[in-house]
Amino acid sequence: MSSSSPIRRDVGPFALMLTGLGSIIGSGWLFGAARASSLAGPGAVWAWVLGAAIIMTIALTYAELGAMFPESGGMVRYSHYSHGSLVGFIGAWANWIAIVSVIPVEAVASVQYMHHWPFEWAHSLSTPMGNGHIELTTAGMAIASVLVLVYFLLNFWSVKLFAHSNTAITTFKLVVPAATGLLLIASGFHHENFSVGIHGDQHAIDFPAILTAITTAGIVFSFNGFQSPVNLAGDARNPGRSIPLAVVGSIAIATVIYVILQVAYIGAVPTELLAKAGWHGINFSSPFADLAIILGLQWMAWLLFVDAVISPSGTGITYTATTARMIYGMERNGTMPKIFGRLHPKWGIPRPAMWLNLIVSFIFLYNSRSWDSLAAVIGVATVISYLTGPVSVMTLRRTAADMHRPFRLAGLPVLAAIAFIMATELLYWAAWPLTGKIILLMVVALPVYIYYQAKAGWHDMGRQLGGAWWLIVYLPTIALISWAGSSKFNGHNYIPYGWDLLLVAVLGLIFYIWGVKSGWRTPSVEAAEAEASNRLSQH
């Protein structure tokens, strides 16, 4: 460890679960239902249910890992323990990119909703670009920058301050979306909307559209928040109980809320608007607030305008905390400068890591002026970051069999295989060329890894490569399948629909088995096992 000052274990199980909910219910609830409907029509309801089920299988593998290694920034550490530094670096890079970019996106979402406030100055914060797309103006970017700075300051002094502020914000965030969904259902529900198709024809289940919506409509983007309790494992009391409860509880509660919202949105859209062009032609810029105004619920619109600031900000606050701990974890992996492993002697917080993330957040902010321009990209980067969890947890059952596991997941061999296969399917469903672009983004950071390996004299590079070949081959293979896949997922249709899904599943199983067999007993896991044994003997 890079600092003698321990991270404080001040966060209880309920606060940890609220941390997960605070991350999951952010800007996704404000825009996700509308985006999913435009892609899948009434099938969007199934997109949320199926997406939640897939994320739950992946999250459960991380719950065992989080309890096993109760340390801050754990999501960027597990593959380092199981497969060495190269796999650890690729997984950590994907995970960090997927999370740190959410901080400015949440700020952008809050300001974007302000466009519909009944004030002239609010209208000047953003500019409609057509097709429901809105970009922030210079004034809007200035307010978004202030919001990012507020997220930073709320986390700067104490994790306990962060947890307390997050509890109040998350409680509000839970009540408003649930109440919005139920009130819209009660106020103007049109059952006939569920029979209208994507383009205005008779609705029929479009399975490929549902699958694409899971990855690109903000569903994976929304549920990504389950990582927050795992990344804050080092701050948790009784990790073996707290982490599984926080992960499972946050996903389950959020799923209920999102399904209610999706059903409410589909039923509340005026039938005359659907008659023009179907779900694909609905372009609300502030979906639920716009519906509230149409239904004459002006007070609800105002409540939504307020929540549009609070919900994304709550997620931004949470992710500001977790990304600092991810950089802290990457420094412990040996792929970040030592300064980022320093903890404040009083507050036990990695402040240098927080400063780095603040700078990167501003870079993302000034290169993405709208919510929808990044939601799909973040979703795909998130899926890549999920890939190592199922492989790592199964590998460690073999390479660290005697290590204490406060939470041991039943049926892991089957569940982990399903989780990896489904993560591979999610990556394919994102559709070409987005799949290829994000996989290419994973290569950008490799010079950083090469620099630190050269600095270390290429120590043990043979074993690092041996543990990584499965992932090195996996990424371009899936990109190739995406390019050659069916036109349903924007491929070149060399592989017919149906066969493409089967091929991706088979490849997922093959790479999963290869990945598990490639794991080895790394020096890092030996050190972690010794540290865990000492900790248990002291108790």
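The values are calculated or read from the model by the stated rules, or taken from the named source; none is laboratory data. Since the structure is predicted, the reported quantities are computational estimates derived from the model, not experimental observations. Here the Cβ is made from the backbone with ideal geometry for all residues, glycine too, and neighbour counts use every protein chain on show. All accessible areas refer to the heavy atoms of the entire protein, side chains included, with ligands and DNA or RNA removed. Shrake-Rupley method; radii C 1.70, N 1.55, O 1.52, S 1.80 Å.
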Here the residues within the stretch 364-380 that are open to solvent by less than 10 Å² (accessible area, probe 1.4 Å) and at pLDDT 80 or above are LEU365
Condition first: surrounded by fewer than 24 Cβ atoms within 10 Å (Cβ to Cβ), at pLDDT 80 or above and more than 16 Å from GLY22 (Cβ to Cβ). Can you find one or more residues in the stretch 218-234 that meet it? no
Only one of ILE510, ILE439, ILE478 is within 26 Å of the chain's Cα centre (by Cα), under 20 Å from ILE58 (Cβ atoms) and free of Cβ contacts under 8 Å to residues at least 40 places away in the same chain, namely ILE510
Taking the stretch 122-162 and keeping only residues that are modelled with pLDDT under 70 and in a helix (DSSP H, G or I), one is left with VAL159, LYS160, LEU161, PHE162
Residues of the stretch 383-402 being aliphatic (A, V, I, L, M), open to solvent by 10 Å² or more (accessible area, probe 1.4 Å) and outside any helix (DSSP H, G or I), in sequence order, are ALA401
Checked against (1) within 23 Å of ILE349 (Cα to Cα); (2) open to solvent by less than 10 Å² (accessible area, probe 1.4 Å); (3) at pLDDT below 85, SER27 satisfies every condition except (1)
If we ask which residues in the stretch 274-289 are open to solvent by 10 Å² or more (accessible area, probe 1.4 Å) and modelled with pLDDT of 85 or more, their number turns out to be 0
If we ask which residues in the stretch 369-382 are in a helix (DSSP H, G or I) and touching a Ser or Thr at 6+ places or on another chain (Cβ under 7 Å), their number turns out to be 5
Only one of GLY181, GLY188 is closer than 28 Å to ALA301 by Cα and either acidic (Asp, Glu) or at pLDDT below 85 (or both), namely GLY188
Quick check: is even one residue across the stretch 250-265 surrounded by fewer than 24 Cβ atoms within 10 Å (Cβ to Cβ), of a type in the set (S, T, N, Q) and at pLDDT below 80? no
Checked pairs for the stretch 22-36, first farther than 17 Å from SER313 by Cβ and in contact (Cβ under 8 Å) with a residue 60 or more places away in the chain, second in a loop (DSSP other than H, G, I, E, B) and open to solvent by 10 Å² or more (accessible area, probe 1.4 Å), C-beta under 8 Å and 6 or more apart or across chains, list as ALA34/ILE282; ALA34/PHE284
Taking the stretch 57-78 and keeping only residues that are under 21 Å from PHE223 (Cβ atoms), polar (S, T, N, Q) and modelled with pLDDT under 90, one is left with none
Would you check if there is a residue in the stretch 112-121 being part of a helix (DSSP H, G or I), more than 30 Å from VAL444 (Cβ to Cβ) and free of Cβ contacts under 8 Å to residues at least 40 places away in the same chain? yes
Of those in the stretch 30-48 that are surrounded by fewer than 24 Cβ atoms within 10 Å (Cβ to Cβ) and hydrophobic (A, V, I, L, M, F, W, C), the residue modelled with the lowest pLDDT is LEU39
_Scan the stretch 200-211 and tell me whether some residue there is assigned to a loop (DSSP other than H, G, I, E, B), without any contact (Cβ under 8 Å) to a residue 24 or more places away in the chain and open to solvent by 20 Å² or more (accessible area, probe 1.4 Å)._
yes
Going through the stretch 430-445 in order, the residues found to be part of a helix (DSSP H, G or I) and not aliphatic (A, V, I, L, M) are THR435, GLY436, LYS437
Say whether the condition of being within 30 Å of ILE243 (Cα to Cα), part of a loop (DSSP other than H, G, I, E, B), open to solvent by 10 Å² or more (accessible area, probe 1.4 Å) and out of contact with any His (no Cβ under 7 Å at 6 or more places or on another chain) is met by at least one residue in the stretch 410-429. yes
Turns out the helices (runs of 4 or more DSSP H) fully within the stretch 247-343 with at least 3 residues that are without any contact (Cβ under 8 Å) to a residue 40 or more places away in the chain are 298-332
Just one listed residue, out of ILE282, ILE260, ILE293, ILE327, is under 19 Å from the mean Cα position of the chain (by Cα) and not acidic (Asp, Glu), and it is ILE327
